[in-house]
Amino acid sequence: MKSGFVAILGRPNVGKSTIINRIVKHHVSIVTEKSQTTRNNIIGIYNAKDTQIVFLDTPGIHKPKQQLGKEMNNMAYSAAHDVDVALLVVDASKPFGLGDQFIVDHLDIHKTPLIVVFNKIDLARLDETEELKATYREIFPKANFIDTVGLDGFNIDELIKRIVNLLPEGPAYYPVEMITDKDEIFQIKEIIREKILKQLREEVPHSIAIFIDHIEWEHKPLQIFASIIVEKESQKAIVIGAGGRMIKEIGSRARVDIERLLNKHIFLELQVKVVPDWRNEPKALKTYGYKYEK
Ligand SMILES: Nc1nc2c(ncn2[C@@H]2O[C@H](COP(=O)(O)OP(=O)(O)OP(=O)(O)O)[C@@H](O)[C@H]2O)c(=O)[nH]1
Ligand SMILES: [Mg+2]
């Protein structure tokens, strides 16, 4: 059989997580319209007849302002190593800019079989994409190019075909019933974070982390007590909202998805905690699951 590992790399917000979810037909990685949604490497496993592809979704590579950003970049850089194929996802509707150059300079993918995925082709003008492709052709003369729309699945089957062509013969690395490497706790935290990202504006989403304080597994309904970590009192006020309306909304939206994930009724209690500058604190980064370890 054909099998192997494929890293999905690129700038924030280009559609990497949308693509992995399309390929594995599950919501293994949260998607929002905000940049830097994904903060960890997340495995999504594709199984078909005589084929297993282990995809790694990665945080969008960007110029980091905090230690958190450095950790996220390091996770993405590490994913690029020892894979059979690298996908470099770019936003086909945006001209080649400093952020793209940053990736080319920092990401060591010149020796790996590479597919440059021109995603969001639905938003792009033909003449603009021609120019973008010419630039990428100069940088990666041997790479395979493909246009996709992660949002509706356009060309995703073709992308899978091309990946399979580049894969070696090998064993199944994971049991076929496994879809992701992340456990339920991770997924619960991501669901809560997704609701906050979708509900709030730019600055606050980047400053939050989720910590599960306690789960009463035996209780009916199952009880989950979680903390939303922010950096400032002003952010705490925003997350709670006037009369507690915002946190109530976040909680009820998250509860619906967590119930679907666990297939049972749950009780979700959220509280907000201020941990100043946690994005630069090594201990806090470790506690919240964002410390890159080799
Ligand atoms: N129009 C259009 N929108 C897309 C397409 N693919 C993804 N999007 C949207 O782009 C936004 C970002 O998608 P994500 O999948 O979260 O992007 P990402 O690359 O994982 O972003 P980070 O996790 O921040 O690095 C979301 O609002 C998606 O719905 C596409 O092909 N066309
Ligand atoms: Mg993502």
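Overview of results
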| quantity | calculated |
| --- | --- |
| Candidate aspartates and glutamates for bridging to LYS120, where Cα separation is under 15 Å - those fewer than 8 sequence places away on the same chain excluded | GLU33, ASP91, GLU128, GLU130, ASP147, ASP152 |
| Ascending count of other beta-carbon atoms within 10 Å, so fewest first, for ILE228, ILE160, ILE185 | ILE185, ILE160, ILE228 |
| Ranked list, fewest to most other Cβ atoms within 10 Å of each Cβ, for LEU151, LEU167, LEU126, LEU88 | LEU126, LEU151, LEU167, LEU88 |
| Among the listed pairs LYS49/LYS142; LYS65/LYS248; LYS65/LYS283; LYS195/LYS236; LYS182/LYS294, those beyond 24 Å (Cα-Cα) | LYS49/LYS142; LYS65/LYS248 |
| Among VAL89, VAL275, VAL31, residue whose mean-square fluctuation peaks in a GNM of the chain (springs only between Cα atoms under 10 Å) | VAL275 |
| Scaled radius of gyration (Cα, divided by 2.2 N^0.38 Å) that the stretch 2-166 gives | 0.95 |
| Set of aspartates and glutamates near LYS2 by C-alpha distance (under 14 Å), chain-local residues within fewer than 8 positions excluded | ASP50, ASP84, GLU169 |
| Estimated translational D of the stretch 117-211 in µm²/s (Stokes, Kirkwood radius over Cα pairs; 20 °C; 1.002 mPa s) | 123 |
| Cα Rg, Dmax, the stretch 184-287, angstrom units | 13.4, 39 |
| Contact order normalised by residue count of the stretch 184-287, Cα under 8 Å, 6+ apart, percent | 29 |
| Convex hull volume of the chain per residue (C-alpha atoms, cubic angstrom) | 138 |
| Residue exposure sequence - TRP217, TRP278 - by fewest surrounding Cβ within 10 Å | TRP217, TRP278 |
| Rg to Rh, two decimals, where the stretch 49-119 supplies the alpha carbon set and Rh follows Kirkwood | 0.99 |
| Cβ-derived FRET efficiency at R0 45 Å, PHE145 paired with LYS248, nearest 0.05 | 0.45 |
| The stretch 181-246 and the stretch 96-164: distance between their alpha carbon centers, rounded to Å | 34 |
| Anisotropy class of the stretch 119-171 from Cα gyration tensor, a/c 1.5 cut | oblate |
| Potential lengthening between THR287 and GLU177 on full extension [0.36 nm per residue; Cα-Cα distance subtracted] | 36.6 nm |
| Spin-label model distance (nm) - LYS273 vs LYS49, 7 Å beyond Cα toward Cβ | 5.2 |
| Globularity index of the stretch 6-82, i.e. its alpha-carbon radius of gyration over 2.2 N^0.38 Å | 1.09 |
| Considering only the chain, percent of DSSP beta bridges that pair antiparallel, nearest 5 | 35 |
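Quick note: the coordinates plus some simple rules give every number you see, no bench work behind them. All values reported here derive from a predicted model rather than from experimental measurement. For neighbour counting, all protein chains shown are included, and Cβ atoms are generated from backbone atoms with ideal geometry for every residue, glycine included.
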